[in-house]
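The values are calculated or read from the model by the stated rules, or taken from the named source; none is laboratory data. Please read these numbers as outputs of a predicted model, since none were measured by experiment. Quick reminder, even Gly has a Cβ in these numbers, built from the backbone with ideal geometry, and neighbours come from all protein chains shown. Heads up: the accessible areas ignore ligands, DNA and RNA and are worked out on the full protein's heavy atoms, side chains in. Shrake-Rupley method; radii C 1.70, N 1.55, O 1.52, S 1.80 Å.
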Amino acid sequence: MEKKWWKSSVVYQIYPRSFCDSNGDGIGDINGIRSKLWYLKELGINVIWLSPVYQSPNDDMGYDISDYQAIMKEFGTMEDYDHLLEEAHTLGIKIMMDLVVNHTSDEHAWFVESRKSRNNPYRDYYIWRDGKDGKEPNNWGSCFGGSAWQYDEATDQYYLHLFSKKQPDLNWENDAVRKSVFDMMNWWCNKGIDGFRMDVISMISKAPGLPDGTVGASGYGDFGPYSVNGPRVHEFLQEMNREVLSQYDLITVGECSGVTIEEAQKYAASSGEELNMVFQFEHMDLDGGESFKWNHRKMKLTELKAVMSKWQTQLYEKAWNSLYWCNHDQPRIVSRLGNDSPAWREKSAKMLATCLHMMQGTPYIYQGEELGMTNYPFSSLEEFRDIESINAYHELTEKGILTPEEMFDYISYKGRDNARTPMQWEDGVQAGFTTGTPWIAVNPNYKEINAREQIERADSVFHYYQKLIALRKQHDIIVYGDYELLLPDSEEIYSYVRTYGEQKLLVICNFTDREIAYELPEAFRNRKGEVLIGNDKRPEAKEAMALTPYEALAVLY
Ligand code: NOJ
């Protein structure tokens, strides 16, 4: 297998709004990030994925961009950005930018022009259609509720928006759109950035005719079959690769909801014609249900293992995996898959980290995950800031699909704001995030969970992540070894073996709060393995072990 720097990297995602505020306005900013680079260096990561820092009216917190070549005022200036890039590079840390080009903001100059008249030169930058029988052009629903079409009186047509109505979809069929996007990407690359995380890139190509979708519980049609992994998406990405990506030494990851193994083998093929890797969603969707993700279900461990193992084995040597539990769209993993009670929070956070970081692929850590940060204890709707949760709450309760109590419970558990509460730096005012009033409340558990305390304590979650990252640098087997699942039917234990040449790495994780018996597989009996990492005080793997609650262990043979 070809060795590449991005294969052995560990990426850390920064959600700038919630990371560190340097000027007391309650909103994180670029100078705040600069002031914390030492922390990332200490943790040991070598790539930052920076969620959008571009100019934006923040309808979707920066994922609605009004100028791709300007920095959001609240975040600072382009000069601040240039300093950040330079300082990160000095520390050996690369920066991967978020590329949001399925849509722009409705305040982007292209859209401002586009909506002016039917024959404006920018009209075809977006997807405009006539209504059908006085209604929307088709029945698609948007990801943030309601129709995916917005009527615009000025020209008596509708524009498509798969997300909010302030996020009109770009028309990738238009050569000029692709050229403008590629020019913008080249501009950033020439600045010296190191890669792109591509927002919903699997959705840029829409099926001709934009056919109606199957109507779901929301009353709207599903656009999925007609705009996820659409007919020209690979052609567009290959063109992007030729025009931009192949000109530089970049790390690229496509956010690809709805991606299958077969599609991923194309997006992230080892031949390198498109992207380095994709974010797949199958594991994150396991606890979804009829009303999209809104419920309080727990994933079944057997299902999780089946999905993870499928990706581990079926991309091996064909394409490259990304590994993640968390990002700015997901609730906190320790509250979701682990146990966030004081007794088990740290141990289960370390177990989850072991389980993921010993797998094959490039791991992504989301800010605060390395501290075992938890979901927020929401008590009222007013505490939410995220358009997705707020819209879904209104839509599903007003239609009588879920009761207000149910929906409040679900958005509290699954809502994206759980990930977006401020980073917990210390046990002082506002957890050290800001000297002002934070744009979203700090989790009250910052007194117990904060970076300063964990850096000082050798057995903290922080130091555990630090060790996992260091191990990946030391052992090629973690990066390049193959993967085999053990005990597929166990609802308690996740155990797998990595193999690389003569070496084997046995990983054992107890996903329960109970003691569970584990028998060492035949192949490892009477052999002396080296415990690379573990979250309990077990010095060696024995033939028969009583795993303690949430115990995790990785043994090298
Ligand atoms: C995916 C991003 O991760 C999410 O935060 C955003 O709301 C949508 N794409 C729309 O850009």
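The H on the amide N of W49, modeled in the peptide plane, is under 5 Å from the matching H of Y12, Q13, I14, M96, each at least 5 residues off or on a different chain.
Normalised by the number of residues in the chain, the mean separation of alpha-carbon contacts (under 8 Å, six or more apart) gives a relative contact order of 13 percent. Solvent-accessible surface of the range 284-330, taken per residue with a 1.4 Å probe and all protein chains present: 40 Å². The long axis of helix 461-474 is offset from the longest Cα principal axis of the chain by roughly 90 degrees. Taking the convex hull of the alpha carbon positions in the range 154-261 and averaging its projected area over all directions gives 8.8 nm². Over every Cα atom in the chain, the radius of gyration and the widest Cα-Cα span, Dmax, amount to 23.3, 78 Å.
Working from Cα pairs under 8 Å separated by at least six residues, relative contact order for the range 109-160 is 32 percent. Heavy atoms of the protein chains alone define the surface here; on that basis the range 176-250 has 39 Å² accessible area per residue at 1.4 Å probe size. Remark on the range 9-71: hydrodynamic radius 12.4 angstrom, per the Kirkwood mean of 1/r across alpha carbon pairs. Let's test the formula: R0 of 45 Å, r as the Cβ-Cβ distance of S270 and D459. What FRET efficiency results, to the nearest 0.05? For R0 = 45 Å, the calculated efficiency reads 0.70.
A Förster distance of 35 Å, applied to the separation of the beta-carbon atoms of R242 and D285, puts the FRET efficiency at 0.60.
Rounded to the nearest 10 degrees, the inclination of helix 78-90 to the longest alpha-carbon principal axis of the chain is 30 degrees.
The trypsin sites (Lys or Arg not before Pro) found in the range 272-331 that occupy coil by DSSP, while having at most 16 further C-beta atoms within 10 Å, are R297, K298, K300, K318. Using a Förster distance of 25 Å, how high is the FRET efficiency between R297 and S379, based on the Cβ-Cβ distance and rounded to 0.05? Efficiency at R0 = 25 Å is approximately 0.65. According to the Cα-based calculation, Rg over Rh for the range 109-160 is 0.98, with Rh computed by the Kirkwood formula. State the percentage of accessible surface on the chain attributable to carbon and sulfur atoms; use a 1.4 Å probe and exclude ligands, DNA and RNA. It is 48 percent, rounded to a whole number.
What the range 36-88 shows is 33 Å² of accessible area per residue, with the surface traced by a 1.4 Å probe over protein heavy atoms. Modelled spin-label separation between R527 and E405, with each label point placed 7 Å from Cα along the Cα-to-Cβ direction: 5.5 nm. Shape summary: the range 197-341 maps onto an equivalent ellipsoid whose semi-axes, from the alpha-carbon gyration tensor, are 27, 22, 13 Å in decreasing order. Largest first, the extents of the alpha carbon coordinates of the range 482-556 on the three principal axes equal 35, 26, 19 Å.
Just so you know, the Cα atoms of the range 400-459 work out to an Rg and Dmax of 15.1, 51 Å. Each eigenvalue of the Cα gyration tensor of the range 282-374, multiplied by 5 and square-rooted, gives one semi-axis; in descending order these are 21, 18, 12 Å. With a simple spin-label model that places each label point 7 Å from the Cα along the Cα-to-Cβ direction, the separation between M1 and A207 comes to 3.5 nm.
Per the Debye calculation on the range 401-557 with a single equal scatterer at every Cα and no solvent contribution, log₁₀ I(q)/I(0) for q = 0.13, 0.18, 0.20 Å⁻¹ amounts to -0.83, -1.10, -1.19. Amide H contacts for I533 (H built 1.01 Å from N in the peptide plane; partners 5 or more residues away or on another chain; cut-off under 5 Å): A554. Using the alpha-carbon positions of the range 44-128, Rg (one decimal) and Dmax (whole number) come out as 15.7, 53 Å. Take the Cα of N174, go 7 Å toward its beta carbon, and the backbone nitrogen atoms of the range 181-210 under 16 Å from that spot belong to 181-184, 204-206.
Dipole size of the range 482-556 about its Cα centre, with +1 on Lys/Arg Cβ and -1 on Asp/Glu Cβ: approximately 340 debye, rounded to the nearest 20.
In order along the range 494-510, the Karplus-derived 3J(HN,Hα) couplings, from 6.51 cos²θ - 1.76 cosθ + 1.60 at θ = phi - 60°, round to 10, 10, 8, 10, 9, 10, 8, x, 7, 8, 9, 10, 9, 10, 10, 9, 9 Hz, and Gly and Pro are given as x. Taking the centroid of alpha carbons for each part, the range 365-425 and the range 1-42 are 23 Å apart.
Each label point was placed 7 Å from the Cα along the Cα-to-Cβ direction; for A343 and N186 their separation is 6.2 nm. With respect to the chain, whose longest principal axis is taken over its alpha-carbon atoms, helix 301-314 is tilted by about 80°. DSSP assigns beta bridges within the chain; of those with both partners inside it, close to 60 percent run antiparallel.
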